[in-house]
Amino acid sequence: MSTLSAARADNFYYPPEWTPEQGSLNKFQGQHPLRERARKLGEGILIIRFEMPYNIWCGGCNSMIAKGVRFNAEKKQVGNYYSTKIWSFAMKAPCCKQEIVIQTDPQNCEYVITSGAQKKVEEYDVEDAETMELTAEEEKGKLADPFYRLEHQEVDLQKKKAAEPLLVRLQRVSDARHADDYSLNKALRAQIRGHRKRVAEEEAASRKLGLGIRLLPKSEEDVAAASNVKFKTKFDKNRKDKRALIHASSIFPESSYSMSASSKKRLELEAKRRKICAASASSLLSGGFKASSLSKNPSSANKYKSSTVSVRKM
């Protein structure tokens, strides 16, 4: 073994404290060779992987469990058919944890559902399935009679004569289709080249649009579905708002500009006045008011009052 872990996995690793007198490695470690699968071996139960032999209906939730689904089943012997053992397999359904029990039927060479589920009955027509109908068990027993077998052969010969012209025509059509190998190969290669060319064109168109996937060709169903899709937009509302603003605004751009400039200037002066008032109020509340130069100089105070009056008039 190349690594220690691989040796342990294959039970080829023996610890230093093991001696041959102690028996096998499983006996030394105190475990069964089947490990967890043999935890119920004292009850006669062995855990195995069981594969569902046919489609069934779950008895708990009526869901279908397909053929070939595998389960961890508890296998135990429940009887004998002559010298052949009858095995029972108990498992939990994956859909609703319903317990399903299936037994072997050596007499009929099949599996029988004992409880927890029901076999799905599937019927089909021989002609639709394009298969051959097998002879029933009763028919096989009747074929032992020489007279019945002779009559059965006569019926088969009549069916053969009736179907022979159709079979001959089908054989001729098949021979005609596969007679010229060169033409068939040429047509197939042309079809493959056309498909590759179409795929390359679709990939190039997708790269032009900045997409990372290949777009499939358009179809009538896609066009009809796309025409029925309506996206909610604000185009009409925005258009009405813009038209209302245009009707409400003046037709003279200069006057509107001057009005907007004057309004901006007025707003700036009002903001400055609020700041000055807030600063003076905070100084009065804190007791830190000091006489300004305007109070000391009456002439400058009169000038300040006249300027504030002119600003208010604006």
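Averaged per residue, the range 23-119 has 64 square angstrom of accessible surface, using a 1.4 angstrom probe with ligands and nucleic acids left out. Given R0 = 25 Å, the distance between the Cβ atoms of ALA38 and THR84 translates into a calculated FRET efficiency of 0.60.
Each label point was placed 7 Å from the Cα along the Cα-to-Cβ direction; for TYR148 and CYS95 their separation is 4.2 nm.
Under the 0.36 nm per residue contour assumption, what length would be gained going from the current alpha-carbon distance of THR114 and ARG172 to full extension? Length difference between fully extended and current span is 15.6 nm. May I ask you to list the trypsin sites (Lys or Arg not before Pro) in the range 8-79 that are in a DSSP loop and have at most 16 other Cβ atoms within 10 Å of their Cβ? Answer in residue order: ARG39, LYS40, LYS67.
The shape of the range 190-244 comes out prolate: with a ≥ b ≥ c from the C-alpha gyration tensor, a/c is at least 1.5 and a/b beats b/c. Anisotropy class assigned to the range 73-118 is prolate, per the alpha carbon gyration tensor with a/c at or over the 1.5 cut-off and a/b larger than b/c.
Length gained on full extension, TYR54 to VAL155, computed as 0.36 nm times the residue gap minus the Cα-Cα distance: 32.9 nm. Annotation for GLU268 and TRP18: the two label points, set 7 Å from Cα along the Cα-Cβ direction, are 9.4 nm apart.
When you filter the GluC sites (Glu not before Pro) in the range 13-58 for DSSP loop state and at most 10 other Cβ atoms inside 10 Å of their Cβ, you are left with GLU17.
Given +1 at the Cβ of Lys and Arg, -1 at the Cβ of Asp and Glu and no other charges, the dipole of the range 23-119 around its Cα centre is 340 debye to the nearest 20.
Each peptide among 166-177, 93-104, 77-88 gets the average number of other Cβ atoms lying within 10 Å of its residues, and from highest to lowest they stand as 93-104, 77-88, 166-177. Taking all protein chains together and rolling a 1.4 Å probe, ILE251 ends up with roughly 140 Å² accessible.
Overall, the accessible surface of the range 23-119 at a probe of 1.4 angstrom is composed of carbon and sulfur to the extent of 46 percent. Rounded to the nearest 0.05, what FRET efficiency do ARG70 and ARG196 give with R0 = 51 Å and r taken as the Cβ-Cβ distance? Could you check? Here the calculated transfer efficiency is 0.80. Would you please classify the overall shape of the range 23-119 from the alpha carbon gyration tensor, given that a ≥ b ≥ c denote the square roots of the eigenvalues, rounded means a/c under 1.5, and beyond that prolate means a/b larger than b/c while oblate covers the rest? Oblate shape, in that a/c is at least 1.5 and b/c is the bigger or equal ratio.
Close amide-amide hydrogen proximity is noted between ALA93 and GLN98, GLU99, ILE100, each under 5 Å apart and 5 or more residues distant or on a separate chain (H modeled in the peptide plane; Pro and chain starts excluded). Once C-alpha pairs closer than 8 Å and six or more residues apart are averaged by separation and normalised to the residue number of the range 23-119, the relative contact order reads 21 percent.
The values are calculated or read from the model by the stated rules, or taken from the named source; none is laboratory data. Worth saying up front: this structure is predicted, and the values here are computed from it rather than measured. Glycine also receives a Cβ, built like all others from the backbone with ideal geometry; neighbour counts cover every protein chain displayed. To get the accessible areas, we keep the full protein, side chains included, count just its heavy atoms, and leave off ligands, DNA and RNA. Shrake-Rupley method; radii C 1.70, N 1.55, O 1.52, S 1.80 Å.
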